[in-house]
Amino acid sequence: MTSDTFKITKEEIGETLSNFNFRRGDVVVADRAYGTLNGVNHCLNRSADYILRLREDCFAVYDKNGNTFDSTGDFAALESGERSEAAGFAALPDKTRIPVRICVKRKDKEGCGKSRERLGRRASGKDDNLREKTVSFNECIVVATSLPHSVGAGEVLETYRWRRQAEIYFKRLKSIMDFGDLPKKNPAASEAWLNGKIMVALLIEAFIAKRAFSSGDRIECQPRHMA
């Protein structure tokens, strides 16, 4: 629950894995905003592995025969909570093929219901017709990974669940540190305000890391960014 890197970018850059420096041995776990072909290539170029959640309209994945992989159709028979996987490849702009593993888990009945409700609200807000294929896709958790087959699909999907810790971290910054709407409109003033908030957050992390987790144990964890 400590941060490693902060980077403030302009809106046109946005959320992309190319904002981060990875190294061999890293396993990058990220949500659908980062599940792009450029993100995959960025990880591989730095010898890092990845577990990335995929959107329905993400990059194309092909099977060994060169046919487009259809995660909705290929995993339609999965029961609630059941997992499966498939091996394929993606093609970079220069036509280079890179291997990709797809791991899928069907959500339970409650999770599927929540997905349908969320998609329904989104479609009604945009006055759109909800496609059954979109509903089916979102009833599953679909991730792409570069981890070897010795790491089973269950382990890959369980590891992806740790991404929730990043969401909790952001919620903590927004609620406790008031990282919500920027009170400034000037870019330089906004950046200064954010940097000030980040500095306070880092100091709090350093303080908490030296606190005892229980009365019997004193565990010290030095955040890497403070080393």
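A short reminder: the numbers here are calculations on the coordinates, not readings from a lab. Since we're looking at a predicted model, the values are computed, not measured. Quick reminder, even Gly has a Cβ in these numbers, built from the backbone with ideal geometry, and neighbours come from all protein chains shown.
With semi-axes √(5λ) of the Cα gyration tensor in Å as the read-out, I listed [x] 54, 22, 15; [y] 34, 22, 21; [z] 33, 19, 17; which label goes with the value calculated from this structure?
[y]
According to the square roots a ≥ b ≥ c of the eigenvalues of the Cα gyration tensor, what is the shape class of the range 1-126, taking rounded for a/c under 1.5, prolate for a/b larger than b/c otherwise, and oblate for the remainder? List each step's numbers first, then the result.
Working: a/c = 1.70, a/b = 1.21, b/c = 1.40.
Oblate, since a/c reaches 1.5 and b/c is not below a/b.
Mind sorting 9, 145 by how few other Cβ atoms lie within 10 Å of their own Cβ, fewest first?
On the way: 9 10, 145 25.
In increasing order of surrounding Cβ atoms, one gets 9, 145.
Over the range 17-162, what is the relative contact order in whole percent, taking alpha-carbon pairs under 8 Å and six or more residues apart? Display every interim value, and only then the final one.
Numbers: 229 pairs, mean separation 35.6, N = 146.
Computed over the range 17-162, the figure is 24 percent.
If I stretch the segment between residue 165 and residue 199 completely, what's the gain in nm (0.36 nm per residue apart, minus their alpha carbon distance), one decimal? Don't jump to the answer; show the numbers that get you there.
Numbers: separation 34, 0.36 × 34 = 12.24 nm, distance 2.05 nm.
Length gained between residue 165 and residue 199: 10.2 nm.
Excluding residues fewer than 8 places away in the same chain, name every one of the aspartates and glutamates whose C-alpha is closer than 14 Å to that of residue 105.
In chain and number order, the partners are 74, 79, 82, 85, 139, 155, 158.
Using Cβ counts within 10 Å as a stand-in for footprinting exposure, how do 182, 157 rank, fewest first? Show your work: numbers first, answer last.
Details: 182 13, 157 19.
Placing the least packed residue first, the sequence is 182, 157.
Extension gain residue 15-residue 186, at 0.36 nm per residue separation less the Cα-Cα distance, in nm? Spell out each step's value before the answer.
Details: separation 171, 0.36 × 171 = 61.56 nm, distance 2.12 nm.
Result: 59.4 nm gained on full extension.
For residue 100, list long-range residues whose amide hydrogen, built 1.01 Å from N in the peptide plane, is under 5 Å from its own amide hydrogen.
Those qualifying (amide H under 5 Å, at least 5 residues apart or on another chain) are 88, 89, 90.
Given the Cα-Cα distance of residue 3 and residue 131 and 0.36 nm per residue of separation, how much length would full extension add, in nm? Show your work: numbers first, answer last.
Working: separation 128, 0.36 × 128 = 46.08 nm, distance 3.88 nm.
The residue 3-residue 131 span can extend by a further 42.2 nm.
Using a 10 Å cut-off on Cβ atoms, rank the peptides 87-100, 40-53 from the highest mean neighbour count down. Walk me through the intermediate numbers first.
Values: 87-100: 13.1, 40-53: 19.1.
So the order, starting with the most tightly packed, is 40-53, 87-100.
Taking the 0 to 90 degree range and rounding to the nearest ten, how far is the long axis of helix 187-209 tilted relative to the main principal axis of the chain, both from C-alpha atoms?
With both axes taken from Cα atoms, the answer is about 80 degrees.
Among the listed pairs 174/197; 107/174; 7/171; 64/133, give every one whose C-alpha distance is greater than 21 Å. Don't skip to the answer; put the middle values down first.
Details: 174/197 11 Å; 107/174 29 Å; 7/171 17 Å; 64/133 23 Å.
Among 174/197; 107/174; 7/171; 64/133, the Cα-Cα distance tops 21 Å for 107/174; 64/133.
Using a 10 Å cut-off on Cβ atoms, rank the peptides 54-61, 78-85, 165-172 from the highest mean neighbour count down.
On the way: 54-61: 15.9, 78-85: 13.9, 165-172: 11.8.
Final packing ranking: 54-61, 78-85, 165-172.
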